[in-house]
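Peer 1: Below: one structure in structure tokens.
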Amino acid sequence: MNTGTMKNTNLLPGKAGMKVHLKQQKIAPYIFVLPFILSFSIFFLYPIISTVIMSFQEILGPKDVTFIGLKNYRNMINEHFFNAIWVTTRYTFLTILVLVPLPMILAVFLNRRKTIGRNFFRSAFFIPALTSVIVAGLFFRLAFGEQDTTLVNMILGVFGLPKRTWLQQGSTAMMVMVIVCTWRWLGVNIIYFLSGLQSIPVEQYESASIDGANEWQKFLRITVPGLKPVIIYVVTISVYGGYAMFSESYLLFGPRSPGDIGLTLVSLIYQLGFFENNLGAGSAVGITLLGIVMLINMVQLTLTGFFKKESD
Amino acid sequence: MIVKRFISLGLAIIMITSLILTGCGSQGKGPAADPVKEPSAPVTAPKTETSAPADPEPAKPEPAKPTTLNFWTFQELHKSFMDDAVETWNKAYSDKPIELKVDVYPFDDMHNKLLIALQSGTGAPDIVDIECGRFPTFLKGTPALAELNRVVEPIKDKLIMGRMDNYAKDGKYYGIDYHVGAQVIYYNKEILDQAGVNADDIKTWEDYIAAGKIIMEKTGKPMTTLEVTDHWTYYPLITMQNSDYLTADGTPQLDNEANIKSLQLLSDMLYKDEIAILAPGGWHHAEEYWAWMNQGNAASVWMPMWYMGRFTQYMPDLKGKMIIRPMPVFQDGMKSAGMGGTGTAVTIQSKNEDLAVDFLAESKLSLEGSIKTWTILGFDPIRKDAWSDPAMEADNEYTQYFGSDIFSTLQSIVSDIGPIHYGDLYPTALSLVQKNVMFKVLKEQSQTPEQALKEANEELKMK
């Protein structure tokens, strides 16, 4: 191999050819990454920078823009903003609480050869992720309606429980949002965990069986640690997903949720930016949201030792 | 080797260009990226103030090419009205025909799209429907909408001007409404008869509450339902007492005496007099409410005139049972209120602004157009002379549903309607009332009317 390349360089016709060759080698990598750089800067970097700038502006029209310093940020700090943070944080926490253990356990069952109809269940769990969120939202809004005849109240009625006004009460509204989220994303997380399970060597389970470990011990000592990278990944995207939640809240409550019970940070951006035509204020909330999510993910990734592994 | 590199270089370039091109492509795909498809159309005249129906262009034997105008709306019904108006226009002005391209979008979608189009300076339609609650949003700063004074001013004395002022700023008019939106009350006569109550005897709110108690006692059904996530039960009460969310100069006045008392009245109806319940689904546009009301579960509901359409469309079983009467009144109050509405505007991005303005005026400000808002849409016209026109007496879908006396009821109240003060803060005030005040006072009962209104008012003042 070595001699071959040496021979090759020797064969190059003089200095000029050498130069072209070197130039090409230098340029080529840039050309290859250019598509990404371009799309990134047009669709991500530019909007982010312009959002940062807009968050310091009052925007009344295309030609009517004034810099107002930190006023947008100062105005942002009010009851609704804190309500939004509180709702979003609770929502994110609860979805992670459900959407990590539940799909993990289901994935373990679906991974077993003994499970009956596992292929059917694999696709059945995944179908909601393909459903339009509009359709799903409509269904859940009506299913959790307040009449005696709505789906959920009818089921409660069978068990002799009183009917509820699901979507006009803080705690039940949150529950409905978490249920919608679980229904939608359970299948996707199961796929992540299933693929994670494939990478755990069968030998580990075999030797554990020889040592007399029971199923539960095997799950706790082999499966869970083996799935750690997947868990970190799922938690990370769930934090992003949770804080970026908008459509579920919008479909259940419309653009305004009564008493802010379903107000997420993104709904707040929507309200400020579009309903009040105050794009500057919306941008300020957007930048704050970016900061919050970055902070949480950094803390979480540091705690789970993600960065340590990288440097190893 | 070098050939290979050239190939890969070429491929890379193709990739990049295709990427850039797709980027451009998706930008240009917007529904109204190209508002005027035929630039050669007869009326591409520069924007001059004098654009009388008679064009300087000499009459030609061959029919003129129609100019395409884009119209965005959020209400399917408005499409049929405008389509009809185009037909009328093209018959009357065959020298400058119009082809109207109508896009019906969901409510929020349409307003957001329009806002973005106007903010970015490109992509807006020629003509657009803007709901009154959202209208002030579009009047912020220098409005990107065309001034309509030249078509409004000549017929000022014929219009119910209170409705025009809703869409005006600094003496300039930017939108034309479809209707007056007179506030009325719908009684279920069947339930009233069961309890032996006569709707015509209910004149004041005291009468209304007393009648409610009788009905509750005799039939076990509530007199009415109240909205918790919208403001149509509350807003007419305050405007009928000459109050509003904002003062005439746009200062918040949510916590004035009339506003607090009115909210207390609603709260008392629920929890003290016990003649009302909260609307199933939270408001009078919820599917739950329509289904429930359709079964004849409440004796009355007060909503604006345009709510007739919801009855005919979503509550068919009440046909022949519902009657329309004037609202119960407050002492020294007004007989009705002009509620809601949609202002149709022309954007300054329109390449045929003058034509669009002329067409809009012809469709909605002319006597014929105004009468059609009643015959096609069932709306109360904004032109006063339409009210006395014999065409209004004719039988239609609504008279069949509510009885033939609708129009005389309307005539008795329409002259006594107070103005509404829209200002920059109006959309925010509205949304605070809808989502916080009503909910906290009527549903959660976590605040008294005074507390909730004071809090909301403080917040508005901070803006």
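The values are calculated or read from the model by the stated rules, or taken from the named source; none is laboratory data. Owing to the predicted nature of the structure, the values given are computational and were not obtained by experimental measurement. Every residue, glycine among them, receives a Cβ derived from its backbone with ideal geometry; neighbour counts consider all protein chains shown. SASA here: full protein model, heavy atoms, side chains in, ligands and nucleic acids out. Shrake-Rupley method; radii C 1.70, N 1.55, O 1.52, S 1.80 Å.
Peer 1: What about A:T223, is it in contact with an Asp or Glu (Cβ under 7 Å, 6 or more places away or on another chain) and polar (S, T, N, Q)?
Peer 2: no
Matching residues to (1) over 25 Å from B:M164 (Cβ atoms); (2) modelled with pLDDT under 90; (3) open to solvent by 30 Å² or more (accessible area, probe 1.4 Å); (4) not assigned by TED's automatic domain parsing to the domain that holds B:G171:
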{"site": "B:Q75", "(1), (2), (3), (4)": "no, yes, yes, no"}
{"site": "B:D83", "(1), (2), (3), (4)": "no, no, yes, no"}
{"site": "B:V86", "(1), (2), (3), (4)": "no, no, no, no"}
{"site": "B:A92", "(1), (2), (3), (4)": "no, no, yes, no"}
{"site": "B:P125", "(1), (2), (3), (4)": "no, no, no, no"}
{"site": "B:I130", "(1), (2), (3), (4)": "no, no, no, no"}
{"site": "B:L148", "(1), (2), (3), (4)": "no, no, no, no"}
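Peer 1: I'm told B:F138 meets every condition in (1) open to solvent by less than 30 Å² (accessible area, probe 1.4 Å); (2) more than 14 Å from every other protein chain (Cβ to nearest Cβ) except one. Can you identify the failing condition by its number?
Peer 2: Answer for B:F138: the failing condition is (2).
Peer 1: Within the stretch B:417-457, count every residue that is more than 10 Å from every other protein chain (Cβ to nearest Cβ), under 25 Å from A:A281 (Cβ atoms) and open to solvent by 10 Å² or more (accessible area, probe 1.4 Å).
Peer 2: Of the residues in the stretch B:417-457, 4 are more than 10 Å from every other protein chain (Cβ to nearest Cβ), under 25 Å from A:A281 (Cβ atoms) and open to solvent by 10 Å² or more (accessible area, probe 1.4 Å).
Peer 1: Select from the stretch B:271-302 the residues that are within 14 Å of another protein chain (Cβ to nearest Cβ) and in a helix (DSSP H, G or I) and write down the one among them that is farthest from B:E217 (Cα to Cα).
Peer 2: Selected residue: B:E287.
Peer 1: Picking from A:L251, A:L156, which residue would you name as being touching a residue at least 60 places away in the same chain (Cβ under 8 Å) and assigned by TED's automatic domain parsing to the domain that holds A:Q300?
Peer 2: Result of the check over A:L251, A:L156: A:L251.
Peer 1: Let me ask something additional. Considering each residue of the stretch A:62-89, count those that are facing chain B (nearest Cβ under 9 Å) and crowded, with 16+ Cβ neighbours inside 10 Å, and give that number.
Peer 2: Qualifying residue count for the region: 2.
Peer 1: Considering every residue within the stretch B:349-366, establish whether at least one is within 14 Å of chain A (Cβ to nearest Cβ) and surrounded by 19 or more Cβ atoms within 10 Å (Cβ to Cβ).
Peer 2: Yes, because at least one residue in the stretch B:349-366 is within 14 Å of chain A (Cβ to nearest Cβ) and surrounded by 19 or more Cβ atoms within 10 Å (Cβ to Cβ).
Peer 1: Next question. Could you list, in sequence order, all residues of the stretch B:238-270 that are under 26 Å from A:E146 (Cβ atoms) and either within 14 Å of chain A (Cβ to nearest Cβ) or open to solvent by 10 Å² or more (accessible area, probe 1.4 Å) (or both)?
Peer 2: Across the stretch B:238-270, the qualifying residues are B:Q264, B:L265, B:S267, B:D268, B:L270.
Peer 1: Between a first residue in the stretch A:64-88 that is assigned to a helix (DSSP H, G or I) and a second residue that is open to solvent by 50 Å² or more (accessible area, probe 1.4 Å), which pairs have beta carbons less than 8 Å apart while being 6 or more apart in sequence or on different chains?
Peer 2: A:K71/A:E58; A:N72/A:F56; A:N72/A:E58; A:N75/B:M462; A:N75/B:K463
Peer 1: Let me ask you something else. Where in the stretch A:94-184 are there helices (runs of 4 or more DSSP H), lying wholly inside it, with at least 2 residues that are within 21 Å of the chain's Cα centre (by Cα), farther than 30 Å from A:Y205 by Cβ and not aromatic (F, W, Y)?
Peer 2: A:118-130, A:133-143
Peer 1: Quick one: which of B:Y235, B:Y187 is of a type in the set (S, T, Y) and over 30 Å from B:T347 (Cα atoms)?
Peer 2: One residue alone meets the criteria, B:Y187.
Peer 1: Do you know which residues across the stretch A:263-286 are assigned to a helix (DSSP H, G or I) and facing chain B (nearest Cβ under 9 Å)? Before the answer, list the steps.
Peer 2: Kept after step one, since they are assigned to a helix (DSSP H, G or I), are these residues of the stretch A:263-286: A:265-275, A:279-286.
Correct list: A:Y270, A:Q271, A:G273, A:F274, A:F275, A:L279.
Peer 1: Just one of (1) modelled with pLDDT under 85; (2) more than 27 Å from B:M322 (Cα to Cα) trips up B:W387, so point out which.
Peer 2: Of (1) modelled with pLDDT under 85; (2) more than 27 Å from B:M322 (Cα to Cα), only one is false for B:W387: (2).
Peer 1: Answer yes if at least one residue in the stretch B:377-393 is surrounded by fewer than 21 Cβ atoms within 10 Å (Cβ to Cβ), in contact (Cβ under 8 Å) with a residue 12 or more places away in the chain, within 14 Å of chain A (Cβ to nearest Cβ) and assigned to a helix (DSSP H, G or I), and no otherwise.
Peer 2: no
Peer 1: So which residues in the stretch B:296-323 are within 16 Å of B:L410 (Cβ to Cβ) and surrounded by 18 or more Cβ atoms within 10 Å (Cβ to Cβ), if there are any at all? Break it down stepwise before answering.
Peer 2: Filtering the stretch B:296-323 down to residues within 16 Å of B:L410 (Cβ to Cβ) leaves B:302-309, B:311, B:322-323.
Listed by number, the residues that qualify are B:W302, B:M303, B:P304, B:M305, B:W306, B:Y307, B:M308, B:F311, B:M322, B:I323.
Peer 1: Check the stretch A:82-99 and report whether any residue there is farther than 27 Å from B:E458 by Cα, of a type in the set (F, W, Y), at pLDDT 90 or above and not assigned by TED's automatic domain parsing to the domain that holds A:V202.
Peer 2: No.
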